[in-house]
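Each reported figure results from applying straightforward, stated rules to the coordinates on display, with no laboratory input. All values reported here derive from a predicted model rather than from experimental measurement. When we count neighbours, we look across all protein chains shown, and the Cβ atoms used for this are built from the backbone with ideal geometry, even at glycine.
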Amino acid sequence: MVEFKGKFLGVVEFAKPYIFLLVLGLVLACFMAPRAAIVIFPLTVFTLFFFRDPERFPPSEDRVVVSPADGRVMALKNVLLRVLVVAGGFLFFFLL
């Protein structure tokens with residue numbers, strides 16, 4: 001097993017069974033049905049990319065905005081936040 005920063009291939013824990021099945025299917029397909037391997041290989045690469053979990057190091061400065069999910073902060077706006085409480089305890093947030 002290859003270790004990468006304390007994680008298996010740098011992916012989240014719950015993705016291991018999916019990756020294992022895809023790699024097993026890829027190996028079997030290479031020998032039994034090479035055309036199927038052409039389909040399984042991109043699925044395996046996409047799964048590894050989708051479930052990746054790289055180490056993040058947020059900036060230590062004060063008053064810094066950090067974007068989620070490797071995105072970009074495009075604009076900062078002041079908004080009015082209203083909270084609506086519905087019977088049953090559900091909260092709905094409305095940004096106006």
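Measure off 7 Å from each Cα along the Cα-to-Cβ vector at E55 and I38, then give the distance between these two points in nanometres to one decimal.
Output for this residue pair reads 4.1 nm.
Evaluate E = 1/(1 + (r/R0)^6) for V65 and L21, where r is the Cβ-Cβ distance and R0 equals 35 Å; express this FRET efficiency to the nearest 0.05.
It comes to 0.35.
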